[in-house]
Amino acid sequence: MKKQIEQIVTDELAGNSVSRKAEWWNNYLKDKISFMGLGIPEIRKVLLSLNRTNALEELPMNQQVSLVKGLMKGHFAEQKLAAVLYMQLFWLGKQRPSFLLNLIADWFDEQYIFDWNTTDWLSVKILAPLVDSGEKRVIWTLKKWNRDPYLWKARASLVPFAQVAAITGYTREIEHFSDILIRRKERFAKTAVGWVLREYSKVDEEFVLDFLSRHVKYTTAEVKRNALKYYRLRTRENSP
């Protein structure tokens with residue numbers, strides 16, 4: 001049954017793909033991962049349609065887990081994003097945070113996730129709401145991920161904070177997690193810091209300026225550009 005439903009989902013994704021979109025995304029990510037040619041709205045539409053016709057969310061839980069895992073193991077980015085959106089649509093708020101976090105940790109450990117696009121959508125759609133849930137285990141888990149050798153798992157420890165409902169409620173975590181990631185050599189460890197600091201600058205510019213001044217040795221021009229985006233815009237607007 002799992003293979004049948006998984007194939008149905010994949011076939012529907014392929015049937016709704018647009019070659020022009022695939023070409024653009026494949027060029028943009030420079031073949032780090034392959035694309036069929038669907039956006040998030042189209043993937044969500046496919047899943048909702050299949051849920052109406054195949055009652056996906058009513059399948060036994062072991063079959064749903066196998067379906068989602070199979071999609072995340074898929075070759076195309078849209079299969080992986082379908083796994084993320086399935087989680088958001090049918091599990092988020094219904095399944096225990098620990099259950100979701102354990103599944104996601106396995107995906108990283110098996111290296112089914114190996115690009116920033118999948119990592120960041122997962123962070124926005126699933127991990128940020130889990131942080132907002134207030135469940136202590138979520139922060140504890142992200143703290144462990146923060147020091148993980150695997151780049152994408154470590155990146156996913158910080159990126160969710162860019163989209164949480166009350167970012168200033170996590171100042172200590174953001175500072176600590178950013179301090180770890182900014183010291184790593186990988187570009188996408190550092191850019192996670194820049195993205196979150198950019199959002200934090202909307203509420204506390206001094207925090208961002210202080211962090212950057214204390215980490216000059218590890219901070220790239222790209223990180224500064226992202227972190228100071230809104231600060232520089234406001235500076236220009238307020239200049240005579």
Angle, helix 187-200 long axis vs. longest principal axis of the chain, Cα atoms, 0 to 90°, nearest 10? 70 degrees
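Based on DSSP loop calls and a cut-off of at most 16 other Cβ atoms within 10 Å, the longest stretch of the chain free of exposed trypsin sites (Lys or Arg not before Pro) is what?
By the stated rule (loop sites, at most 16 other Cβ atoms within 10 Å), 95-146.
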If one computes P(r) from the Cα atoms of the stretch 1-91, what percent of pairs lie at distances over 17 Å? 43 percent
Which value, in Å to one decimal place, does the Kirkwood hydrodynamic radius take for the stretch 62-171 when every pair of different Cα atoms is included? 13.8 Å
Taking Cα atoms only, helix 136-146 is inclined relative to the longest principal axis of the chain by an angle, in degrees rounded to 10, of 80 degrees
Straight distance only, please: which lysines reach the Cα of residue 229 with their own Cα at less than 24 Å, same-chain residues fewer than 8 apart left out? 125, 185, 190, 202, 217
Where Rh is the Kirkwood radius over Cα pairs, Rg/Rh for the stretch 112-240: 0.97
The chain: relative contact order in percent, alpha carbon pairs under 8 Å with at least 6 residues between: 12 percent
Round to the nearest 10 and give me the degree value, 0 to 90, for the angle of helix 171-182's Cα axis relative to the longest principal axis of the chain. 90 degrees
When only C-alpha pairs under 8 Å and at least 6 residues apart count, what is the relative contact order of the stretch 112-240, in percent? 20 percent
Under the rule of -39500 (n - 2.57) per DSSP H run of 4 or more residues, summed and divided by the residues of the chain, what mean residue ellipticity at 222 nm is obtained, to the nearest 500 deg cm²/dmol? -19000 deg cm²/dmol
With bins of 5 Å, the percent of all Cα-Cα pairs of the chain per bin from 0 is 1, 6, 14, 16, 17, 15, 13, 9, 5, 3, 1, 0, 0, 0
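Read-outs throughout are calculated quantities, based only on the coordinates presented, and are distinct from any laboratory measurement. Here the structure is a predicted model, which is why all the values come from computation and not from measurement. In this analysis, Cβ positions are derived from the backbone assuming ideal geometry, glycine residues included, and neighbour counts consider all displayed protein chains.
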